[in-house]
Amino acid sequence: MIRGAEGFLRAMSSTSGNEMRVGHCTKVSRSVNMENLQNEYLFPEIFMREFVHTQKYPHARLIRLGVGNTTEPIPDIITSSMAEHAHALSTVRGYRGYGAEQGHMELRRAIAEKFYNNMGIEGDEVFVSDGAQCDISRLQMLLGSNVTVAVQDPSFPAYIDSTVIAGRAGRFQEETGKYKNIVYLNCRPENNFFPDLSTASRADIIFFCSPNNPTGNAASQQQLKQLVEFAKANGSIIVYDSSYAAYISDDSPRSIYEIPGAREVAIEVSSFSKFAGFTGVRLGWTVVPDELLYANGFPVIKDYNRIVCTCFNGASNIAQAGGLACLSAEGYQAITTVVDYYKENAKIIVDTFRSLGLKVYGGKNAPYIWVHFPGLSSWDVFNEILEKTDIVTIPGKGFGPGGEEYIRVGAFAHRESILEASKRLKTLF
């Protein structure tokens, strides 16, 4: 175990692309794709800066509104189910070893019925996993090294970083802050956070998140209809991330499969993390419809099943028991109450920044608030808020060049922390 500030900083900086050490070297070359990554992954960088701040101010009462980690307890009806399943493993009758790599069929059917009712999705098209972020990397493995990729700008950094690791991104261009071979789809307030597809370049794979992380914007029915039509016209596959669908408060679609024709062009990834508090439990799913075909007519689902069976031994039986409890009538009602709690937190944060005269987006259909600081560096704003208020946020630049001048503020915190953060921010600004 690494102890002390020096050890922590050494461990956190060990992923730096520029670190070279003196000592015995093997004859194995470092991956050129890993060398092509820029700096560390965003969220460990935030943790490191947070740690440095606490070393500088050991008595600071830090409020963490940065990394989207849930804070409220998982409802008892769900944890009781997991505890019961865990205890059963200590009995001859209740012990279970490996399960199906694709997940327990009871849970797969429950996900299909709960989230995709009347959309034509069947249980055998649902693959249960250990979370959406892991599935994004499995999908990158599935899709080969020669495909082209488009992402929203700004967007969740895992889409870009996993594309770089897969060798599809091209060289990083310092002058633009973009990778040469990635298509960046401009999503800003001026276009209602939806790209102008009439001028967008074609890409084989389109990563699209709605409600969006980081902007908090949920695409409308008409916008997603345009996206599906664009994918069909260009022969593209949409990888649609619906991890925050439970936070939608209006009539925005909660799934890409609400759009006619989406089954022929889209894969959907989602997660129990943010709507059930499973950030540490780890459980998610990916939907791959039977109708989704490669250029040669081969079903994508067959290859994805092969990837899952090769690279994954299945989600934890205990986590899956919890997932099934989440989807029961009583369990779903309980976790909806927790989601409503975070949504109220988001409203408080939105009202706080608006009262300060700032332009604020998101917070209605997502647990993230996207705040504009015109003309300012997002890292400078992040540093000033941390230094003067002991509040951790996320600089928008970490989500791509389109995030400059913005910060992302999360609603995952205890209510007293949200109210205290509101008070400190009003004092600062």
**Request:** Report the calculated FRET efficiency for residue 202 and residue 376 (r = Cβ-Cβ distance, R0 = 25 Å), to the nearest 0.05.
**Result:** 0.10
**Fill in**
From the Cα centre of the range 164-205 to that of the range 106-121, the distance in Å is 33
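What FRET efficiency would be calculated for the residue pair residue 76, residue 39, taking the C-beta separation as r and a Förster radius of 35 Å, to the nearest 0.05?
About 0.25, to the nearest 0.05.
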**Item:** Computed log₁₀ I(q)/I(0) - Debye formula, equal Cα scatterers, no solvent, the range 11-100, q 0.18, 0.25 Å⁻¹
**Value:** -0.91, -1.33
**Message:** Run the numbers for residue 359 and residue 60: contour at 0.36 nm per residue of separation, minus the present Cα-Cα distance, in nm.
**Reply:** 104.8 nm
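Going down the table (232/302; 225/359; 364/423; 388/423; 56/178), which pairs top 23 Å between alpha carbons?
Details: 232/302 21 Å; 225/359 28 Å; 364/423 21 Å; 388/423 13 Å; 56/178 34 Å.
Violating the 23 Å Cα-Cα cut-off are 225/359; 56/178.
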**Message:** Full-extension gain between residue 415 and residue 222, please, as 0.36 nm times their residue separation minus the C-alpha to C-alpha distance.
**Reply:** 65.9 nm
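Applying a 10 Å radius around every beta-carbon, put 54-64, 333-343 in order of their mean neighbour count, most first.
In decreasing order of mean packing, 54-64, 333-343 become 333-343, 54-64.
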**Request:** May I ask you to compute the full-extension gain from residue 344 to residue 250, defined as 0.36 nm times their residue separation minus their alpha-carbon distance, rounded to one decimal in nm?
**Result:** 32.3 nm
**Asked** Using a cut-off of 18 Å between alpha-carbon atoms, which lysines can reach residue 114, once sequence neighbours fewer than 8 places away in the same chain are excluded?
**Response** 274
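Using packing as a proxy for protection, rank 41-52, 239-250, 19-30, 321-332 so that the peptide with the highest average count of other Cβ atoms within 10 Å comes first.
Numbers: 41-52: 16.3, 239-250: 22.1, 19-30: 6.2, 321-332: 19.9.
My ranking of the peptides, most packed first, is 239-250, 321-332, 41-52, 19-30.
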**Item:** Theoretical FRET efficiency, 1/(1+(r/R0)^6), r = Cβ-Cβ of residue 87 and residue 313, R0 22 Å, to 0.05
**Value:** 0.50
**Prompt:** Cα centroid distance between the range 390-427 and the range 349-378, in Å?
**Reply:** 9
**Message:** I want the antiparallel fraction of DSSP beta bridges within the chain, as a percent rounded to 5.
**Reply:** 50
**Asked** Among the aspartates and glutamates, which fall within straight-line cross-link reach of residue 347, defined as a Cα-Cα distance under 16 Å, with same-chain neighbours fewer than 8 residues apart omitted?
**Response** 250, 416, 420
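If you roll a 1.4 angstrom probe over the protein chains with everything in place, what fraction of the accessible area of the range 217-344 belongs to carbon and sulfur, to the nearest %?
Details: 2420 of 4780 Å².
Result for the range 217-344: 51 percent of the exposed heavy-atom area is carbon or sulfur.
The values are calculated or read from the model by the stated rules, or taken from the named source; none is laboratory data. Given the structure is predicted, the values throughout are model-derived calculations rather than measurements. Here Cβ is always computed from backbone atoms with ideal geometry, including for glycine, and neighbour counts include all displayed protein chains. What goes into the accessible areas is simple: the full protein's heavy atoms, side chains included, and nothing from ligands, DNA or RNA. Shrake-Rupley method; radii C 1.70, N 1.55, O 1.52, S 1.80 Å.
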